[in-house]
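Heads up: the structure comes next, in structure tokens.
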Amino acid sequence: MRPEVTSFFDDATNTVSFVVKDPNGSACAVVDSVLDFDYSSGHTDTKSADEIIAFVQENNLDVQWILETHVHADHLSAAPYIQERVGGKIGIGDRITVVQDTFGKVFNEGTEFERDGSQFDKLFVEGDIFQIGQMRGDVMHTPGHTPACLTYVVGDAAFVGDTLFMPDFGTARCDFPGGSSETLYNSVQKILSLPDETRIFVGHDYKAPGRDEYAWETTVAEQKAMNVHVGEGKTKEEFVAMRDTRDASLAMPKLIIPSLQVNMRAGNMPPEDEQGNVYLKVPVNKLGS
């Protein structure tokens, strides 16, 4: 089955969100939504999420799932906002518990912060099957960028999050807590074992040097042949050496501090204080080198 995929690109974070629709009905899923956030003012905005909601409503779609490929470190999720307006169950990988435990400590969240993934409606594991109308979705655990990364394979389409980028840009970084370049290489090979004609939808694009337009759809065959980090039969040893060296030169994502605190809560803000105010914490010397 070939799902109908509609893309929504967020210029501020270079994130691509997707609406994945059953071609034989109205059922759909939303993948990796964005809540706009201005760090300098601390203000949130729902413009990006409202575009998705408007598309859903204008086309009379039935949102059955709001899927997260992982706990994003570069944008805030709009999953609960979308769920409140158009429904759907919020799903993520079951290894979210590892991420919650790690960053619960980094942000000194205390015992009131649940680290069991209960903020989400569904915790997926390797090999799980789910339905979007008549479409079957298969879950692949593809860690390396983070411990909880998933790839959702729906018909001939694979939604890989940050694991792979466009062939001319390569692969995700692996230097966040719980990341591993060796593990990422193995995960990429799982994705590349899918049929060559499988469409791959990536979660971000940054326009590689020499490319004028943003892009986020490729195929397994193109990735195997042309990916600058893992294509043309590059070995695990070559990849690990390249990835670790490259990661050592990268700065932390601009929105990593608010993103982690919100996304490990399934897109919800930290609890309000007695006056109804919400605060995000900034841990000093806890992230990066």
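Computed from the coordinates by the stated procedures, all read-outs in this text should not be read as laboratory data. Note that this is a predicted model, so its numbers are computed, not measured. No Cβ is skipped: glycine too gets one built from the backbone with ideal geometry, and neighbour counts run over all protein chains shown.
In region 66-127, Cα pairs under 8 Å separated by at least six residues give a relative contact order of 37 percent. Over 27 Å apart at the Cα level, from the set LYS21/LYS47; LYS89/LYS254; LYS21/LYS122; LYS89/LYS236; LYS47/LYS207; LYS47/LYS89, are LYS89/LYS254; LYS89/LYS236.
Dipole magnitude for region 74-144: computed about the Cα centre from +1 point charges on Lys and Arg Cβ and -1 point charges on Asp and Glu Cβ, it is near 200 debye. By other beta-carbon atoms within 10 Å, ranking LEU67, LEU280, LEU61 with the fewest at the front produces LEU280, LEU61, LEU67. Quick check: from the Cα gyration tensor, does region 161-239 come out rounded (a/c under 1.5), prolate or oblate? Verdict is oblate for region 161-239.
The simple Förster model, with R0 at 35 Å and r as the Cβ-Cβ distance, assigns ASP50 and ASP247 a FRET efficiency of 0.50. Fewest-first ordering of LEU150, LEU35 by other beta carbons within 10 Å of each residue's beta carbon gives LEU35, LEU150. When the chain is described by a simple charge dipole with +1 on each Lys and Arg Cβ and -1 on each Asp and Glu Cβ, the residue from ASN285, LEU123, VAL56 located farthest towards its positive end is ASN285.
Within the straight-line cut-off of under 19 Å between alpha carbons, the aspartates and glutamates reachable from LYS224 are ASP156, ASP162, ASP168, GLU182, ASP196, GLU197, ASP205, GLU232, GLU237, GLU238, sequence neighbours fewer than 8 places apart in one chain being disregarded. Each Lys and Arg contributes +1 and each Asp and Glu -1, all at the Cβ; summed about the Cα centre of region 4-252, the dipole is approximately 460 debye. Each label was represented as a point 7 Å from its Cα along the Cα-to-Cβ direction; for LYS122 and ASN24 these points are 1.9 nm apart. Model label points for MET226 and ASN59, set 7 angstrom from Cα along the Cα-to-Cβ axis, are 2.6 nm apart. Dipole orientation for the chain: of the candidates TYR214, HIS145, SER259, HIS145 has the Cα lying most toward the positive pole (charges on Cβ; Lys, Arg +1; Asp, Glu -1).
Estimated from helices alone, the mean residue ellipticity of the chain at 222 nm is -7000 deg cm²/dmol (sum of -39500 (n - 2.57) over DSSP H runs with n ≥ 4, per residue).
Of the chymotrypsin sites (Phe, Trp or Tyr not before Pro) found in region 1-60, those that fall in a DSSP loop while having at most 14 other beta-carbon atoms within 10 Å are TYR39. As a proxy for reagent exposure, ranking ASP205, ASP162, ASP156, ASP32 by other Cβ atoms within 10 Å from fewest up yields ASP156, ASP205, ASP162, ASP32.
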